[in-house]
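K.L.:
This is the structure, below, for whatever I ask next.
The values are calculated or read from the model by the stated rules, or taken from the named source; none is laboratory data. Nothing here was measured: the structure is a model prediction, and the numbers come from that model. Cβ sites come from the backbone with ideal geometry, for glycine too, and all protein chains shown count toward neighbours.
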Amino acid sequence: MRHSTAMGRKSWRHLSAACAAVALAIAGAPAAATEVPPPQIPSAYPFEDHYVEVLGARMHYVDEGEGPVILMLHGNPTWSYIWRNVIPYLTPQARVIAVDNIGFGRSDKPDIDYTFADQSRYIDGFIEAMGLTDITLVVHDWGSALGLHYAARHEDNVRGVAFMEAIVAPAMPTSYATLPPQWADFFRAMRDPASGHEFVVVQNGFVNQVIPGNVVRELTDAEMDFYREPFPTEDTRVPALVWPNQIPIDGEPADVVAVVEAYNAWLAQTDVPKLHLYASPGALNPPMVAEWLAANVPNIETAFIGQGLHYVQEDQPEAIGRAIADWFRRLPD
């Protein structure tokens, strides 16, 4: 399958629906129909830039507020910008740190492979370099895998985990046979050296099409400019192509399969407090995934945040911020 620039917003909304269908096929219920709201969501990124050296490269982060630490981890192909309208709801009671994954946002782009293992080493190194302790993780998309992988290995340093649109059971694609045709085609295309490179690296398709196609409202030109900022040239877009190739399908990549299985096993048995935020219809985590998690994961709360697809922070920042703030306020010391 070869993508072209003619592949527009409608095509990627079909892909969003297919993503929801993946999880719903496992969970067993249809997504609710909703109407498009008219939210007024600020586009500004009103934070001071901070940098710390990790493994010989600079990682960029936001550092706002005082108190116990909340660490926000983003996914593909976003950066700390996606948390901009959630952060203010949390700073009255916490020190909120939102880091840019290596190769993303305003972090450096060193000469590495940008695999999950690489990204995890940099997140581990960031936490160590910053001396962060008693962390509450707030995670999304691939940030969920990075955060849960860290939590499963460092439970004594994790106070709680809040996650949304996450790579968790039962919402994980495990084989091409169980994927809807659109998603199977998409991941095969991403794994094809020609079509994956063309769509992500040449066309900047993850930013130009996948992000706006997975947000209910229309993103403004200013917001799209912020999302394009980290990827001005083809070579800077390579990290965004690696992530879809790290999705565990049919047992590959084997190391990521092992990681995802391990942190999901941890999630199913640990008493660390958890909050799952979900939207309707959602994408990776529609309402029936939330029901499954509530029934199968200990010490978890669920919070419905309203209408959204995958990049829910762009549709429901207030609901996300208020839900996390309420849950965080009640966490045991």
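K.L.:
For region 27-68, give me the residue count where each residue is at pLDDT below 80 and either crowded, with 17+ Cβ neighbours inside 10 Å or of a type in the set (Asp, Glu) (or both).
P.N.:
The qualifying residues number 3.
K.L.:
Let me ask another. Can you name every residue in region 184-217 that is of a type in the set (S, T, N, Q) and either in contact with a His (Cβ under 9 Å, 6 or more places away or on another chain) or under 22 Å from residue 287 (Cβ atoms) (or both)? Talk me through it step by step, then tell me what you get.
P.N.:
Quick first cut of region 184-217, residues of a type in the set (S, T, N, Q) only: 195, 203-204, 208-209, 214.
Answer for region 184-217, where residues must be of a type in the set (S, T, N, Q) and either in contact with a His (Cβ under 9 Å, 6 or more places away or on another chain) or under 22 Å from residue 287 (Cβ atoms) (or both): 195, 203, 209, 214.
K.L.:
Additional query: Do we find a residue being in contact with a Phe, Trp or Tyr (Cβ under 6 Å, 6 or more places away or on another chain), outside any helix (DSSP H, G or I) and of a type outside the set (Val, Ile, Thr) anywhere in region 107-116?
P.N.:
No; the residues of region 107-116 include none that is in contact with a Phe, Trp or Tyr (Cβ under 6 Å, 6 or more places away or on another chain), outside any helix (DSSP H, G or I) and of a type outside the set (Val, Ile, Thr).
K.L.:
For residue 188, state whether it is surrounded by fewer than 19 Cβ atoms within 10 Å (Cβ to Cβ), of a type in the set (Lys, Arg) and within 20 Å of residue 272 (Cα to Cα).
P.N.:
So residue 188 fails the test.
K.L.:
Right, another one. Identify all residues within region 150-178 that are surrounded by fewer than 22 Cβ atoms within 10 Å (Cβ to Cβ), in contact (Cβ under 8 Å) with a residue 60 or more places away in the chain and either in contact with a helix residue (DSSP H, G or I) (Cβ under 9 Å, 6 or more places away or on another chain) or under 20 Å from residue 331 (Cβ atoms) (or both); write none if there are none. Lay out the reasoning, then the answer.
P.N.:
From region 150-178, those surrounded by fewer than 22 Cβ atoms within 10 Å (Cβ to Cβ) are 152-157, 159, 169-170, 172-178; that's our starting set.
Restricting the remaining residues to those that are in contact (Cβ under 8 Å) with a residue 60 or more places away in the chain gives 152, 155, 159, 169-170, 172-176, 178.
The answer is 152, 155, 159, 169, 170, 172, 173, 174, 176, 178.
K.L.:
So is residue 314 acidic (Asp, Glu) and surrounded by fewer than 18 Cβ atoms within 10 Å (Cβ to Cβ) or not?
P.N.:
no
K.L.:
Which one is surrounded by the most Cβ atoms within 10 Å (Cβ to Cβ), of the residues in region 69-81 that are part of a strand (DSSP E or B) and within 14 Å of the chain's Cα centre (by Cα)?
P.N.:
So the residue we want is 73.
K.L.:
Further question: I want to confirm something. Restricting to region 323-332 and keeping residues that are out of contact with any Phe, Trp or Tyr (no Cβ under 6 Å at 6 or more places or on another chain) and in contact (Cβ under 8 Å) with a residue 40 or more places away in the chain, which single residue is surrounded by the most Cβ atoms within 10 Å (Cβ to Cβ)?
P.N.:
Only one residue fits best here, namely 324.
K.L.:
For region 147-183, which residues satisfy the criterion of being in a helix (DSSP H, G or I) and in contact with a His (Cβ under 7 Å, 6 or more places away or on another chain)?
P.N.:
Passing the criteria: only 182.
K.L.:
I would also like to ask the following. If a residue has to be at positive phi and either hydroxyl-bearing (Ser, Thr, Tyr) or in contact (Cβ under 8 Å) with a residue 40 or more places away in the chain (or both) to count, how many in region 54-83 make the cut?
P.N.:
2
K.L.:
So which residues in region 229-253 are in a helix (DSSP H, G or I) and under 17 Å from the mean Cα position of the chain (by Cα)?
P.N.:
239, 240, 241, 242, 243, 244, 245
K.L.:
OK, next. For residue 203, indicate whether it is closer than 23 Å to residue 59 by Cα, crowded, with 17+ Cβ neighbours inside 10 Å and of a type outside the set (A, V, I, L, M, F, W, C).
P.N.:
no
K.L.:
Now, a different point. List the number of the failed condition for residue 217; all other conditions in (1) surrounded by 13 or more Cβ atoms within 10 Å (Cβ to Cβ); (2) assigned to a helix (DSSP H, G or I); (3) in contact (Cβ under 8 Å) with a residue 60 or more places away in the chain hold.
P.N.:
(2)
K.L.:
Also: What residue, among those in region 254-290 that are outside any helix (DSSP H, G or I) and of a type in the set (D, E, K, R), is surrounded by the most Cβ atoms within 10 Å (Cβ to Cβ)?
P.N.:
Of everything passing the filter in region 254-290, 274 is surrounded by the most Cβ atoms within 10 Å (Cβ to Cβ).
K.L.:
If you take the residues of region 82-104 that are aromatic (Phe, Trp, Tyr) and crowded, with 24+ Cβ neighbours inside 10 Å, which of them is nearest to the chain's Cα centre (by Cα)?
P.N.:
Ranking the candidates gives 83 first.
K.L.:
Within region 193-208, track down each residue that is farther than 17 Å from residue 226 by Cα and free of Cβ contacts under 8 Å to residues at least 24 places away in the same chain.
P.N.:
Of everything in region 193-208, just one residue is farther than 17 Å from residue 226 by Cα and free of Cβ contacts under 8 Å to residues at least 24 places away in the same chain, namely 193.
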